[in-house]
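Here's the structure, in C-alpha cells; my notes come after.
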Amino acid sequence: MANMAKNTDFSFTAIEWEEDHLRIIDQTFLPSREIYTNLNNAGQVWEAIKHLKVRGAPAIGIAAAYGLYMGAREIPDSTFESFYLEVERLNEYIATSRPTAVNLQWALDRIMTTLQAHKDKEVSELKEIMLDTAKTIHQEDQRLCKLIGENGLEVISNNASILTHCNTGGLATARFGTAFSVIWHAHDSKKLKQVWVDETRPLLQGARLTSWELKKEEIPFKLITDSTAGFLMQQGLVDIVVVGADRITANGDTANKIGTYSLAVLADAHDIPFYVAAPYSTIDLALEDGSEIPVEERNSEEITKIGNKEIAPPKTKVYNPAFDITPNRLITGFITDKGIIKPDYKKNLQKIVEETSVEV
Ligand code: MRU
C-alpha cells in the first residue's frame, strides 16, 4: 500500500537521565565525533546550554529542568520558604544561559509551580518531586514530538520535497523532533521525495546536525547553502517549507534560527506553504507579538571564523543575532501536538494552550 507506515522507531537518544546525572551527546563535536558527556550539577548544565553542547528549544528546556533539580539537591534540607528562595535563585541563574527559546523558562516555571503545589511537604520529598517533574517534562516531549510528526502528515502531499532550516530533530528534542518529526513520519509513510537542508550559517546546525540525523535515519536529502533556497523555489523544486520554533507569541509571530524569516518571505513570493512545527511548550501567550521576544546575540567569532580558520580581516565588526522573527502573516499554519493550527492564531493558539492539562 502506497502510504502504509513502516512503523519503525527513531534511532537514537541524545539526552538521558541516568540514575543521578544527565547524559547528553555533546553536539559541538558532531558530525565528526559522537561524544557523550555527563552533566552532574546546575553549573555544568548552564555551561552546556550556553555553549550549545545541548541546543534546540525543547532539549534546553529538558536539560534546564534536570539542572534545576541537580542544583536543588545540594541545598540543605530546611523550611519550605528558605528552600524555595534558593531554588528561585537557581532558576534565575539557569535562565541566563540562553534568552530566546521559551521552553527553557517554561520548564523551570513548571517546576516552581509544582513546588508551590506541594509546599506542605518535607524539603527532602520536594527534591524528589522536582526530579519526577523533570522526568515528566522529558517523557512528555517524546510524546508531543511523535504527535507533531503524525499530525504533520495532513499537510504533506505525496512525493513531497520539503525544505527545512537549522536542526529540529532528536538532538533538539527528547526524540523525533518537531519539523524533523514531520519529515521522519513523511518518509516512514512513503510520502517523502527528499529533504532540502539549509546549511544554517553561522553554526551550521543544518550541515553538521540535520544531515547527520538524516543519514542515521536513512532519509534522502541534499545539503544546500542558505542562499540557494530562492533559486530552488524559482525552479519549482520545493513543495513545502517546514521549520521549528524557539518562541511563538500570542499572535503567532515566531522566533526561530536566523534565516527563517528570509525563507518565509521567499516561500510567500513563490506561493509555497510555510509551516512551523512546535509543541505547546513553545507557545508564549505572555507576549503579544514578536517585537517583545528577546533575540540572543552571539559572539563575533561565530561569523569571522570557520572552525579555527579566520575568514574575515582582523577586528572586522560583526552583527550576529542567533534568531529572527517571522510575522504571523507569512505562516501558513502551525503543526502542533494538538493538530494543525490555522488563523485566527490569537484565538486558536490560546485554545490549544488552555486545553493542555499540565500535571503538577
Ligand atoms: O541556536 P539553536 O541551535 O539552539 O537554534 C535552534 C533552532 O532555532 C530550532 O529551529 C528550534 O529550537 C526548534 S528545535 C525543535
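Nothing in this text is a laboratory measurement; each read-out follows from the coordinates by a stated rule. Predicted model, so just to flag it, every value in this text is computed and none were measured. All Cβ positions, even for glycine, are placed from backbone atoms using ideal geometry, and neighbour counts span all protein chains on display.
Which distance in Å, rounded to a whole number, links the C-alpha centroids of the stretch 116-131 and the stretch 173-188? Between the Cα centre of the stretch 116-131 and that of the stretch 173-188, the gap is 35 Å.
Shape summary of the stretch 15-146, radius of gyration then Dmax from alpha carbon positions: 14.3, 50 Å.
Toward the positive end of the charge dipole of the stretch 289-348, with +1 on the Cβ of Lys and Arg and -1 on the Cβ of Asp and Glu, the farthest Cα among ILE303, PHE323, GLY339 is that of GLY339. Which of rounded, prolate or oblate describes the stretch 227-317 when judged by the alpha-carbon gyration tensor and an a/c cut-off of 1.5? Oblate is the answer for the stretch 227-317, as a/c is 1.5 or above yet b/c matches or exceeds a/b. Kindly identify the stretch 154-359 as rounded, prolate or oblate by the Cα gyration tensor criterion: order the square roots of the eigenvalues as a ≥ b ≥ c, call it rounded if a/c is under 1.5, otherwise compare a/b with b/c, prolate if a/b is larger, else oblate. Oblate shape, in that a/c is at least 1.5 and b/c is the bigger or equal ratio.
Entry for the stretch 74-217 at q = 0.10, 0.11, 0.15 Å⁻¹: log10 I(q)/I(0) = -0.49, -0.56, -0.82, Debye formula applied to identical alpha-carbon scatterers, no solvent contribution. Given q = 0.08, 0.11, 0.13, 0.15 Å⁻¹, what are the Debye log10 I(q)/I(0) values for the chain, with equal point scatterers placed on the Cα positions and solvent ignored? Treating every Cα as an identical point scatterer, log10 I(q)/I(0) equals -0.38, -0.72, -1.00, -1.31. For the set LYS119/LYS338; LYS191/LYS346; LYS193/LYS346; LYS193/LYS215; LYS191/LYS215; LYS135/LYS257, the pairs lying more than 22 angstrom apart at their alpha carbons are LYS119/LYS338; LYS191/LYS346; LYS193/LYS346; LYS135/LYS257.
By the gyration tensor of its Cα atoms, with a ≥ b ≥ c the square roots of the eigenvalues, what is the shape of the stretch 4-86: rounded for a/c under 1.5, prolate for a/b over b/c, or oblate? Taking the square roots of the gyration eigenvalues as a ≥ b ≥ c, the stretch 4-86 is prolate. The string of couplings for the stretch 289-300 from the Karplus curve (6.51, -1.76, 1.60, θ = phi - 60°) is 8, x, 5, 8, 6, x, 9, 5, 10, 10, 6, 5 Hz, one whole number per residue in order, with x for Gly and Pro. Compared with the dominant principal axis of the Cα atoms in the chain, helix 57-72 is inclined by about 10°. Taking Cα centre as origin and charging only the Cβ of basic (Lys, Arg, +1) and acidic (Asp, Glu, -1) residues, the dipole magnitude of the stretch 154-359 rounds to 580 debye. Here the Karplus relation 6.51 cos²θ - 1.76 cosθ + 1.60, evaluated at θ = phi - 60°, turns the backbone of the stretch 337-354 into coupling constants of 5, 9, x, 8, 9, 10, x, 7, 4, 4, 6, 6, 5, 4, 4, 6, 5, 5 Hz, with x for every Gly and Pro. For the chain, the longest principal axis of the Cα atoms and the long axis of helix 80-95 meet at an angle of about 30 degrees.
Derived scalar couplings between HN and Hα for the stretch 17-29 equal 8, 10, 6, 9, 8, 9, 10, 10, 6, 7, 5, 6, 8 Hz in order, rounded to whole Hz, by the Karplus curve 6.51 cos²θ - 1.76 cosθ + 1.60 (θ = phi - 60°), x for Gly and Pro. Beta bridges per DSSP, both residues in the chain: antiparallel share near 50 percent. In this structure, THR79 and GLN350 have a Cβ-Cβ separation that, at R0 = 35 Å, corresponds to a calculated FRET efficiency of about 0.40.
The charge dipole of the chain, taken about its Cα centre with unit charges on the Cβ of Lys, Arg, Asp and Glu (plus for the first two, minus for the last two), comes to roughly 1220 debye. Among 275-285, 71-81, the peptide with the highest mean count of other Cβ atoms within 10 Å heads the list, and the full ranking is 275-285, 71-81. What angle, in degrees between 0 and 90 and rounded to the nearest 10, separates the Cα long axis of helix 179-188 from the longest principal axis of the Cα atoms of the chain? Approximately 60 degrees, to the nearest ten. Think of each Lys and Arg Cβ as +1 and each Asp and Glu Cβ as -1; about the Cα centre, that makes the dipole of the stretch 1-92 roughly 560 debye.
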